[in-house]
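Every number here is computed from the coordinates shown, using simple stated rules; none is lab data. Only a predicted model underlies this, so the values are computations on that prediction, with no experimental measurement involved. Neighbour counts are summed over all protein chains in view; Cβ atoms, including those assigned to glycine, are modelled from backbone coordinates with ideal geometry.
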Amino acid sequence: MKPVVIATLVSLASSQTLFAAKEVLTGVTVSGFVQTEIRYNNDYDDVDSSDIAVDEINFTIEGQAHKFAKATLSFKYEEDSTPLEIDNAYLTLTSDSPLYLEIGQLYVPFGNFSSHMVTDPLTKFAEARESAAKFGMETGGFYGSVYGFNGVTQDDARNTIDHYGMNLGFGQTTDSMSFDVGVGYISDIGDSGSLEGIVENAVDYDYVDGVNVYANLNVGALSFMSEYITALDNFKDQHLAFNGAGAEPKACNAEVGFNFNLAGYDTTFAIGYQTTEEALALQLPEERVIGVLSAGIYTNTSLSLEYALNEDYSKDEGGTGEDSSSVILQLAVQF
């Protein structure tokens, strides 16, 4: 399977259909956002803490060198979490066909992670940023891609491009509703951002496949978001353990939102329920009930108030069996 996927990527990347255009359309666009937060937290030990933080700064430059050739470069900063770094840096080649090619540092299309909330959903443990080659298509509402990369995990002594994945989805938008459904696969969920620090350079490591499914729906003022992500096998207990055995982490997110006008402001109220299984080693709660009230106070400017209640794994499973809670007031500006 691996050689077939890799050979397919190479052959498609070299296809002459991607290089047939001669029309030039150039330009540079700049976009980004700044998110600041006032936070309160009561942890599993019933200890209170609060802070004011720059949650995230993102700055993106897109350079259209040709009608069918574009470069994307973005930077990210998260206070106390991520120093200023290059988040994305990749090239995109397209054509008159529905096909496209992306090569560089990018987030591979495993996981959808759509959410109304301020806090990332628990499913985002599977997000993976890689130096990868992705070949995709978009036509008639259908979209999909296959991709390959080297990765930080290795199941043998060879340092080769032997990680791969694929996704397929379908979405439509009308005057009264929109929807987006899809499925994804990755050959090693252990190469995701939250796990690679745990299993990187692990000895006697075996790749663990992962799969995700998602469905998002908007009907009038109502919106629904749902996703399920799971490993398809157990990690070895020396690499990622749960309750004395190898873990098989998984997570689920389900949200419903209602959009309305409040004192002239476009406002959304949403509630969500999230769960994980065998994810204690990733420092994730077993359950989360969460809600947010968010208003667009100016153009591209939002003010959001979020409350979350987390339940830890039981003492028998290695957790505390306790609850924690958090409140976040976020001000965000996009440009």
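Overview of results
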{"item": "Residue pairs meeting the criteria (Cβ under 6 Å; at least 6 apart or on separate chains; first without any contact (Cβ under 8 Å) to a residue 24 or more places away in the chain, in the stretch 37-59; second loosely packed, with under 15 Cβ neighbours inside 10 Å and among the charged types (D, E, K, R))", "result": "none"}
{"item": "Matching residues in the stretch 117-134 - criterion: being under 30 Å from T301 (Cα atoms), buried (at least 24 other Cβ atoms within 10 Å of the Cβ) and not aliphatic (A, V, I, L, M)", "result": "P121, T123"}
{"item": "Answer residue from the stretch 211-224, given it is touching a residue at least 40 places away in the same chain (Cβ under 8 Å) and under 14 Å from the mean Cα position of the chain (by Cα) and is surrounded by the most Cβ atoms within 10 Å (Cβ to Cβ) among those", "result": "N212"}
{"item": "Filter pass, L168 being within 20 Å of G136 (Cα to Cα) and either in a strand (DSSP E or B) or out of contact with any Ser or Thr (no Cβ under 9 Å at 6 or more places or on another chain) (or both)", "result": "yes"}
{"item": "Residue in the stretch 240-294 that is farthest from F125 (Cα to Cα), counting only those that are polar (S, T, N, Q) and in a loop (DSSP other than H, G, I, E, B)", "result": "N243"}
{"item": "E102 more than 15 Å from L284 (Cβ to Cβ), of a type in the set (D, E) and out of contact with any Pro (no Cβ under 6 Å at 6 or more places or on another chain)", "result": "yes"}
{"item": "Residues that are touching a Gly at 6+ places or on another chain (Cβ under 6 Å) and either farther than 12 Å from A126 by Cα or part of a strand (DSSP E or B) (or both), drawn from the stretch 188-207", "result": "V199"}
{"item": "Hey, D188 among the acidic types (D, E) and crowded, with 19+ Cβ neighbours inside 10 Å or not", "result": "yes"}
{"item": "Scan of the stretch 82-97 for residues that are surrounded by 17 or more Cβ atoms within 10 Å (Cβ to Cβ), part of a strand (DSSP E or B) and more than 19 Å from the chain's Cα centre (by Cα), ordered by number", "result": "T92, L93, T94"}
{"item": "Residue list for the stretch 229-248, restricted to those being surrounded by 17 or more Cβ atoms within 10 Å (Cβ to Cβ) and closer than 14 Å to I186 by Cα", "result": "I229, T230, A231"}
{"item": "Tally of residues being crowded, with 23+ Cβ neighbours inside 10 Å and without any contact (Cβ under 8 Å) to a residue 40 or more places away in the chain across the stretch 135-162", "result": "0"}
{"item": "Pick from the stretch 246-265, criterion touching a residue at least 24 places away in the same chain (Cβ under 8 Å) and small (G, A, S), ranking: nearest to M225 (Cα to Cα)", "result": "A254"}
